[in-house]
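Read the structure below first, then the notes.
The values are calculated or read from the model by the stated rules, or taken from the named source; none is laboratory data. Since the model is a prediction, treat every value here as computed from it, not as a measurement. Every residue, glycine as well, gets a Cβ built from its backbone with ideal geometry; the counts of neighbours run over all protein chains shown. What goes into the accessible areas is simple: the full protein's heavy atoms, side chains included, and nothing from ligands, DNA or RNA. Shrake-Rupley method; radii C 1.70, N 1.55, O 1.52, S 1.80 Å.
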Amino acid sequence: MNIVVLVKQVPDTYSERKLSSGDHTLDRDATDAVLDEIDERAVESALQLKEANDGSEVTVVAMGPDRATDAIRKALSMGADKAVHLSDEALHGSCAVQTTRALAKVIGTLGEVDLILAGNEASDGRTGAVPAMIADVLGLPALTHGRELTVEGSTVTVRRETDDGVTVLSAELPAVVSVNEKINEPRYPSFKGIMAAKKKPVTTLTLADAGIDASEVGLATALSTVTSSQPKPPKSGGEKVEDEGDGGQKIAAFLVGQKLI
Amino acid sequence: MAEVLVLVDHLDGEIKKSTFELLTAARALGEPSAVVVGPAGSGGKLSEGLKAHGAAKIYVAETDSSDFLTPQVSVLASLVESKDPAAVLIGVSADGKEIAGRLAVRTNSALLGDVVGVSAVDGGAGATHSVFGGAFIAEAKANTAHPVITLRPGSVEVEAADGAGAEESVEVPAASGRSATVQSREPVTGGDRPELTEASVIVSGGRGVGSAEQFSVVEGLADSLGAAVGASRAAVDSGFYPHQFQVGQTGKTVSPQLYIALGISGAIQHRAGMQTSKTIIAVNKDPEAPIFEIADFGVVGDLFKVAPQLQEEVTKRKS
């Protein structure tokens, strides 16, 4: 099987995230960047399928600034075979629709692909739809929010779990699958894996390499524009009291005062 | 007046509240037209509710296809083409986001995702985003015709309005690509507690609750207030409470009238999911816990003493 995993470098959700004041895009320098947690699980799913199907290959695909290399290396050190990194200044500020089209073009450069795996939702943008959007562009079925994933012969089956319930989906390969945070526990890269990752091939593509016209991506031609952004004034703390055996009653009195109970 | 397409979210003949919010929000941009996609007989059951919330037209596409979400995308895409609407409004949910994304890329439309407000800007559509759990407010505008907008549940107050509700049946166009097939479906049946993202009161527990069994203290207080129950990431990761109740950067973003945090330290991870709550109450043993920085009223103390006492007070007041 030829498996592609889409990964994204995101701001660490344990750090404070900011928007840059100039163009209202994510201030990527203000925060620590990590491989999105959910994408580690997508990589893990890909590796499990590779281990179960001899002769499989796992290719990591990322789009983002130069430092996305760290996320790519993490995926390679877990055991992915190679990586393709779409990196071009002109991509800055691309909207979800442009990002989708760009990633679809990159996937198009990879030849025969059986399965495209991704996390269901990045923790920064939370569009939560890019895998399905890529599937739509490629004319492939989208099996999203997978809690369980099985491939038997040429059929992929996904147990889709969301807040609204459980749906069992199936499709013939090739297909796009996104996984949720419960699908597995991603492995830690071993020392051997980390060393091996340094020698694995990472192809860096510019827009031209991927056959993407610069006018199709970027802030200037984005289909939507953020016109203003401002931090909300931080909420300031109110009254704080020590519990002297009447803490619950004091809260009740406060809530009555606020007409909340 | 321009039409605004609103995708109706429905289950077993019931319209979800989020659809009424969409019909209300749509009026800022034009005249709402409800779009119903579902099995045969869906349209008739829903029309009263849609009319009562201002739907001028109701497009009904009845289909027994087992293609996953593709009928919705295809019906909306063909209506975008034939009606040239001012915008398409869809509620934020796993399905809603996916339908919206696919529709936007198919119709070359701006995608304004997870917005908390909709407005007309320079003749086009504008939207307000609450970013990073409400730490930033951003205004965005569409640069294309017929933008696709997903609205976060609970961000708009539902207003009833009379609509003509003229029904028109529409065909489900043939799919252009391959689709996933639905083999089975088990919708979540709502428990007795309100849905976390729709609740006006939420009581959440953190690491300080100490165990899954002891979460009954959180649930007890929640039930006395008719509240939803939430949990911090620390509590979920420790296995105290299921993940679907997690509030925070990697869980749900909530904005209730009242948020009561029990044994939650208030790491940025959690604050980002609840800091836009109108009133915040915190109970924590640690006087230095960051949750107190954003709490309107805080009690430094043992949650196992404070919460039951509060529950008792609430119950007393009700009787």
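Before we move on, is B:D9 open to solvent by 10 Å² or more (accessible area, probe 1.4 Å) and free of Cβ contacts under 8 Å to residues at least 40 places away in the same chain? Answer is no for this residue.
Restricting the range A:136-150 to residues that are outside any strand (DSSP E or B) and open to solvent by less than 60 Å² (accessible area, probe 1.4 Å), the residue that is farthest from A:N120 (Cα to Cα) is A:G139.
Scanning the range A:88-112 for residues that are closer than 28 Å to A:G193 by Cα and buried (at least 20 other Cβ atoms within 10 Å of the Cβ), which turns out nearest to the chain's Cα centre (by Cα)? Looking at the filtered set, the residue picked out is A:L103.
Conditions (1) closer than 18 Å to B:D237 by Cβ; (2) at the interface with chain A (Cβ under 7 Å from one of its Cβ atoms); (3) surrounded by fewer than 20 Cβ atoms within 10 Å (Cβ to Cβ); (4) in contact with a Pro (Cβ under 9 Å, 6 or more places away or on another chain), marked per residue:
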site	(1), (2), (3), (4)
B:S277	no, no, no, yes
B:A295	no, yes, no, no
B:K305	no, yes, yes, no
B:Q311	no, no, no, no
B:S319	no, no, yes, no
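I need a count of the residues in the range B:117-150 that are modelled with pLDDT under 90 and among the β-branched types (V, I, T). The qualifying residues number 3. For the range B:95-105, the criterion of a residue being within 16 Å of B:S155 (Cα to Cα) and of a type in the set (A, V, I, L, M) is satisfied by no position. Looking at (1) open to solvent by less than 10 Å² (accessible area, probe 1.4 Å); (2) part of a helix (DSSP H, G or I); (3) of a type outside the set (K, R), find the lone condition where B:G49 falls short. If we test B:G49 against (1) open to solvent by less than 10 Å² (accessible area, probe 1.4 Å); (2) part of a helix (DSSP H, G or I); (3) of a type outside the set (K, R), just (1) comes out false. The one condition from (1) under 23 Å from A:M133 (Cβ atoms); (2) aromatic (F, W, Y); (3) open to solvent by 10 Å² or more (accessible area, probe 1.4 Å) that B:F68 does not meet is (3). So which of A:S215, A:S229, A:S190 is of a type in the set (S, T, Y) and open to solvent by less than 40 Å² (accessible area, probe 1.4 Å)? Exactly one of A:S215, A:S229, A:S190 is of a type in the set (S, T, Y) and open to solvent by less than 40 Å² (accessible area, probe 1.4 Å), namely A:S229.
Only one entry in B:A135, B:A161, B:A142 is over 22 Å from A:K18 (Cβ atoms) and crowded, with 18+ Cβ neighbours inside 10 Å, namely B:A142. Regarding the range B:129-139, can at least one residue be identified that is closer than 17 Å to B:V8 by Cα and not aromatic (F, W, Y)? Scanning the range B:129-139, I find no residue that is closer than 17 Å to B:V8 by Cα and not aromatic (F, W, Y), so the answer is no.
Here B:E159, B:E171, B:E195 are screened, and the one residue that is of a type in the set (D, E, K, R), under 26 Å from B:V73 (Cβ atoms) and away from every other protein chain (no Cβ under 11 Å) is B:E171. If the condition is being among the hydroxyl-bearing types (S, T, Y) and either open to solvent by less than 40 Å² (accessible area, probe 1.4 Å) or outside any helix (DSSP H, G or I) (or both), then the range B:182-216 contributes B:S184, B:T189, B:T197, B:S200, B:S204, B:S211.
Assess whether B:V203 counts as being among the β-branched types (V, I, T) and outside the structural domain of B:F304 (by TED's automatic domain parsing). Criteria not met by B:V203. Just one of the listed residues (B:G220, B:G206) is modelled with pLDDT of 95 or more and out of contact with any Pro (no Cβ under 8 Å at 6 or more places or on another chain), namely B:G206.
Table: residues versus (1) modelled with pLDDT of 95 or more; (2) touching a His at 6+ places or on another chain (Cβ under 9 Å); (3) among the basic types (K, R); (4) more than 21 Å from B:R102 (Cα to Cα).
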site: A:V158; (1), (2), (3), (4): yes, yes, no, no
site: A:T162; (1), (2), (3), (4): no, yes, no, no
site: A:V168; (1), (2), (3), (4): yes, no, no, no
site: A:A171; (1), (2), (3), (4): yes, no, no, no
site: A:P174; (1), (2), (3), (4): yes, no, no, no
site: A:S178; (1), (2), (3), (4): yes, yes, no, no
site: A:E181; (1), (2), (3), (4): no, yes, no, yes
site: A:A196; (1), (2), (3), (4): yes, no, no, yes
site: A:K200; (1), (2), (3), (4): yes, no, yes, yes
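Evaluation of B:D286 against the conditions (1) more than 7 Å from every other protein chain (Cβ to nearest Cβ); (2) at pLDDT below 95; (3) in a loop (DSSP other than H, G, I, E, B) shows that the sole unmet condition is (2).
Is it fair to say B:L111 is within 10 Å of chain A (Cβ to nearest Cβ) and of a type in the set (A, V, I, L, M)? Judged against the criteria, B:L111 is a match. Being away from every other protein chain (no Cβ under 14 Å) and of a type in the set (S, T, N, Q) holds for only one residue in B:S78, B:S119, B:S18, and it is B:S78. Residues being open to solvent by 20 Å² or more (accessible area, probe 1.4 Å) and of a type in the set (A, V, I, L, M, F, W, C) are entirely absent from the range A:153-165. Counting only residues that are at the interface with chain A (Cβ under 7 Å from one of its Cβ atoms) and hydrophobic (A, V, I, L, M, F, W, C), the range B:89-103 holds 2 of them. Condition test on B:F245, is it touching a Leu at 6+ places or on another chain (Cβ under 7 Å) and surrounded by 17 or more Cβ atoms within 10 Å (Cβ to Cβ)? Taking the combined requirement at face value, the residue satisfies it.
What do you reckon, is B:S179 outside any strand (DSSP E or B), more than 26 Å from B:K318 (Cβ to Cβ), open to solvent by less than 40 Å² (accessible area, probe 1.4 Å) and among the small types (G, A, S)? Yes: the conditions hold for B:S179. Would you point out the residue of the range A:9-21, among those that are open to solvent by 70 Å² or more (accessible area, probe 1.4 Å) and modelled with pLDDT of 70 or more, that is farthest from the chain's Cα centre (by Cα)? For the range A:9-21, the residue satisfying everything is A:S21. Candidates in the range B:255-275 are the residues that are under 15 Å from the mean Cα position of the chain (by Cα) and crowded, with 24+ Cβ neighbours inside 10 Å; of these, the one that is farthest from B:G226 (Cα to Cα) is B:G273.
For first residues located in the range A:215-236 and facing chain B (nearest Cβ under 8 Å), partners that are surrounded by 15 or more Cβ atoms within 10 Å (Cβ to Cβ) and of a type in the set (S, T, Y) and lie 6+ apart or on another chain with Cβ distances below 7 Å form the pairs A:A222/A:S94; A:L223/B:S109; A:L223/B:T144. Evaluate the range A:241-253: report whether one residue or more is under 30 Å from A:R73 (Cα atoms), part of a helix (DSSP H, G or I) and open to solvent by 40 Å² or more (accessible area, probe 1.4 Å). Within the range A:241-253, not a single residue is under 30 Å from A:R73 (Cα atoms), part of a helix (DSSP H, G or I) and open to solvent by 40 Å² or more (accessible area, probe 1.4 Å). If you filter the range B:9-33 down to residues that are closer than 16 Å to B:V156 by Cβ and part of a strand (DSSP E or B), you find that the one that is farthest from the chain's Cα centre (by Cα) is B:P32.
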